[in-house]
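Trainee: Dropping the structure in here first, questions after.
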Amino acid sequence: MRKVIIDTDPGQDDALAMMTAFGAKKDLNVLGITCVAGNVPLDLTSVNALKICELSGVFSVPVFRGCPAPLKRKLITAEHVHGKTGLDGTDLLVKKKELEPTDAVDFIIECTEKYRDEKITICALGPLTNIAKVLKQDTVLTDSIEEIVLMGGGFFEGGNITPAAEFNIYVDPEAAKIVLESGLKITMLPLDVTHKTLVQRNFLEKLRKSGKNSAIQAAKLLDFFERYDVEKYGSQGGPLHDPNVIVYLLNPEIYYGKLVNVEVEVNSELTRGMTVVDWWNVTDRPPNAYYINEVKENEFFETVLNNILSLEI
C-alpha cells in the first residue's frame with residue numbers, strides 16, 4: 001500500500017477526492033490530512049476536512065491545521081465557486097472528530113522521518129504553501145518523499161481564476177515555484193486534464209440511488225459545486241478537478257502526459273501564477289514534472305464511484 005498525505009483546502013471537489021482515497025483502503029494508506037488556506041480560509045478548510053472524514057466514517061485518520069496564508073501574498077479565496085463555507089450544498093456537522101494539536105508542516109516532517117525507508121507520497125489538492133514550507137525547512141527530507149502528485153496549473157486550457165493562471169498556483173505562486181524547483185518527482189494534473197472529467201448525469205444518479213448517506217451527500221455537494229462551472233463554460237457538467245490526483249495514483253494507466261519543464265511566473269501581475277509548460281521541448285530547460293493532459297473519462301468516473309460506494313456509511 002502506498003503511504004499518502006493529502007494536503008487540501010476543501011472544497012467540494014477536494015471532498016470527493018478525500019472520499020475516493022478513503023474508499024481505496026487496499027491501495028492507499030492515508031497517514032493524515034493536512035489543511036491549507038485556499039478555497040476558503042484555514043478555519044473553514046480544516047473544519048471541512050473533519051466533516052468529510054465523519055461523512056466517510058473515517059475517524060482514525062488525523063487532521064492537521066497548516067498555513068493560514070500564502071508565503072508572500074495576501075490570501076485570495078473562492079467562495080464564489082464553493083460557497084461561504086467551502087462545502088455549500090449540504091449541512092454537514094462535526095460531531096466527534098477533532099483537529100490534532102500538531103501543525104501540518106511539523107506532521108509532514110515527522111512522517112518523512114518516520115517513513116524514511118518506505119517513503120511517502122504527497123497528494124496536493126490546494127495551494128502548495130504547506131509543502132513549500134516543509135521543503136524550505138529541511139531539504140534533506142526530500143529523500144523520504146517518493147512523489148508529489150498535485151492538482152494545479154494549466155497550459156492548453158489557460159487559467160480559471162485569471163486568463164493565465166489556475167487557482168491553486170495563483171494563490172501561492174512562490175510556493176509552487178519552490179515545489180517545482182525541488183528536484184522531487186512531480187506529477188501535475190492541470191486544468192488541461194481536469195476539464196476532461198466533467199460530471200456525468202449517470203454518475204450523479206448512481207450516487208443518489210446508492211442508499212448510502214456518504215454517496216447521497218457527495219451528490220448534493222456536486223450539485224452545488226458544478227453550477228458555477230456549468231454557467232461559466234456552458235458545459236453539461238462541471239469539471240471534477242481534485243479527484244484526478246487520487247485516481248491517478250490508483251489507475252495511472254488511464255492517463256497520458258509528458259515529462260516536461262514547467263516554470264511558474266511570480267513577478268508579472270498580468271500573468272501571476274501562470275504555468276509555462278515547455279510541451280514541445282523548445283528550450284534547454286531540464287524536465288521537472290510529468291504533465292498530464294489526457295484521461296479516459298469513463299474509467300475515471302468508474303474509479304471515483306466504486307471507491308465512494310465502498311465507504312461503510
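The values are calculated or read from the model by the stated rules, or taken from the named source; none is laboratory data. Given the structure is predicted, the values throughout are model-derived calculations rather than measurements. When we count neighbours, we look across all protein chains shown, and the Cβ atoms used for this are built from the backbone with ideal geometry, even at glycine.
Trainee: What is the one condition in (1) touching a helix residue (DSSP H, G or I) at 6+ places or on another chain (Cβ under 6 Å); (2) more than 29 Å from Leu270 (Cβ to Cβ) that Glu146 does not satisfy?
Mentor: Among (1) touching a helix residue (DSSP H, G or I) at 6+ places or on another chain (Cβ under 6 Å); (2) more than 29 Å from Leu270 (Cβ to Cβ), the lone unmet condition for Glu146 is (1).
Trainee: If you don't mind, there's one more thing I want to ask. Within the stretch 113-134, which residues are crowded, with 22+ Cβ neighbours inside 10 Å and either at pLDDT below 95 or part of a helix (DSSP H, G or I) (or both)?
Mentor: Residues satisfying the conditions are Thr129, Asn130, Ile131, Ala132, Val134.
Trainee: Have a look at Gly237, Gly273 and point out the one that is in contact with a helix residue (DSSP H, G or I) (Cβ under 9 Å, 6 or more places away or on another chain) and closer than 22 Å to Ile169 by Cα.
Mentor: That would be Gly273, the only listed residue that is in contact with a helix residue (DSSP H, G or I) (Cβ under 9 Å, 6 or more places away or on another chain) and closer than 22 Å to Ile169 by Cα.
Trainee: Tell me, which helices (runs of 4 or more DSSP H) lie completely within the stretch 141-237 with 1 or more residues that are under 16 Å from the mean Cα position of the chain (by Cα) and buried (at least 22 other Cβ atoms within 10 Å of the Cβ)?
Mentor: Passing ranges, in order: 167-171, 173-180, 191-194, 213-233.
Trainee: For the stretch 8-106, which helices (runs of 4 or more DSSP H) that fit wholly inside it have 3 or more residues that are crowded, with 16+ Cβ neighbours inside 10 Å and within 18 Å of the chain's Cα centre (by Cα)?
Mentor: Passing ranges, in order: 12-23, 42-55.
Trainee: Out of the residues in the stretch 244-262 that are out of contact with any helix residue (DSSP H, G or I) (no Cβ under 7 Å at 6 or more places or on another chain) and in contact (Cβ under 8 Å) with a residue 12 or more places away in the chain, state the one that is surrounded by the most Cβ atoms within 10 Å (Cβ to Cβ).
Mentor: Among residues in the stretch 244-262 that are out of contact with any helix residue (DSSP H, G or I) (no Cβ under 7 Å at 6 or more places or on another chain) and in contact (Cβ under 8 Å) with a residue 12 or more places away in the chain, the one surrounded by the most Cβ atoms within 10 Å (Cβ to Cβ) is Tyr248.
Trainee: In addition: Determine whether the stretch 254-270 contains at least one residue that is modelled with pLDDT under 95, more than 24 Å from Glu174 (Cα to Cα) and assigned to a helix (DSSP H, G or I).
Mentor: no
Trainee: Sticking with this one: Across the stretch 81-104, which residue is modelled with the lowest pLDDT among those that are under 18 Å from Asp14 (Cα atoms) and among the hydroxyl-bearing types (Ser, Thr, Tyr)?
Mentor: Filtering first and then ranking leaves Thr90.
Trainee: Exactly one condition in (1) surrounded by 13 or more Cβ atoms within 10 Å (Cβ to Cβ); (2) more than 21 Å from the chain's Cα centre (by Cα) is not met by Val282; state its number.
Mentor: Of (1) surrounded by 13 or more Cβ atoms within 10 Å (Cβ to Cβ); (2) more than 21 Å from the chain's Cα centre (by Cα), only one is false for Val282: (1).
Trainee: Further question: Which pairs turn up if I take residues in the stretch 191-213 that are touching a residue at least 12 places away in the same chain (Cβ under 8 Å) and look for partners that are surrounded by fewer than 14 Cβ atoms within 10 Å (Cβ to Cβ) and part of a loop (DSSP other than H, G, I, E, B) with beta carbon separation below 7 Å, at least 6 apart in sequence or on another chain?
Mentor: Qualifying pairs under 7 Å: Asp192/Phe156; Leu198/Gln236; Lys212/Ile313; Asn213/Ile313.
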